[in-house]
Every structure is written in structure tokens, then in C-alpha cells.
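The values are calculated or read from the model by the stated rules, or taken from the named source; none is laboratory data. Predicted, not measured: the structure shown is a model, and the values here were computed from it. Cβ: placed from backbone, ideal geometry, glycine included. Neighbour counts: every protein chain shown. Side chains are part of the model used for accessible areas, which takes the heavy atoms of the whole protein and leaves out ligands, DNA and RNA. Shrake-Rupley method; radii C 1.70, N 1.55, O 1.52, S 1.80 Å.
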Amino acid sequence: MSRLLAGQGVTVPIVPGILPILSTSQIKRFVALCGAELPPPLLSELERRGDDDASVSQFGIDYATRQCEELLREGAPGLHFYTLNKARSTTEVVKNLALERLAFGDAATV
């Protein structure tokens, strides 16, 4: 993606924003407000979990962790997390990625 953007004259780093899924209703509302659509496999997985917010939240943590791993592996210059004042999921993603060590000067490997 960054090569494509560089070809268009974009010279500033683009930091992807991550919003871990907290509940099915929340993510459906959010994408509707943005005019976006959830990919069918993701929507199917969320609907399979129904109104079980604990299950959806854990799925959201795992899904966001995989997204972040791929983004960092592909050269994203960083990550911006949207917590919506509910930091538990983001905290779990950061732990999964071992990013909390960066605050103390250690290198994180993904």
C-alpha cells in the first residue's frame, strides 16, 4: 500500500487505526456510520457468536492481534488504537504483540 501511495506523491507515514471488536452491534453500527461493509467471513463469524459479548470481545482481540501482526510485518510505521474508553481489548492486543516491552526500551518481535 505505501508504495502505491508513494507513487501518488504521498510522503508522510500512514499509521493504521485499529478498533478491536467489542460487540457485534457496536461494530455493525460503526461500519454503517462509515458507509463501509464487513467482509462476509467476518460478519458470519460475528453472527455465529450472536449476542455473547464476551465471546465476540475475545474474537475481536484475536482478530485485531492478527491484523496488527500483519500490518507490522508488512512495514506499518506504527499502530493507532481506538479504545472508545474501553481499553481492556486494546491492552490484550498490545500484550499479545509484546508491545508493552517497548515502553522500557526492549525490542518487540512480531
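For A76, all conditions in the list (1) in contact with a Cys (Cβ under 7 Å, 6 or more places away or on another chain); (2) of a type outside the set (D, E); (3) touching a residue at least 60 places away in the same chain (Cβ under 8 Å) hold save one; what is the number of the exception?
(1)
Could you tell me which numbered condition E47 fails, if it satisfies all but one of (1) under 17 Å from L22 (Cβ atoms); (2) not in a helix (DSSP H, G or I)?
Going through (1) under 17 Å from L22 (Cβ atoms); (2) not in a helix (DSSP H, G or I) one by one, E47 breaks only (2).
Test of understanding: among L46, L5, which residue is open to solvent by less than 80 Å² (accessible area, probe 1.4 Å) and closer than 24 Å to N96 by Cα?
Numbers: L5 fails: closer than 24 Å to N96 by Cα.
L46 is the lone residue from the list that is open to solvent by less than 80 Å² (accessible area, probe 1.4 Å) and closer than 24 Å to N96 by Cα.
Which of (1) closer than 26 Å to G75 by Cα; (2) open to solvent by 80 Å² or more (accessible area, probe 1.4 Å) is the odd one out, the single condition L38 does not satisfy?
Of the numbered conditions (1) closer than 26 Å to G75 by Cα; (2) open to solvent by 80 Å² or more (accessible area, probe 1.4 Å), the odd one out for L38 is (2).
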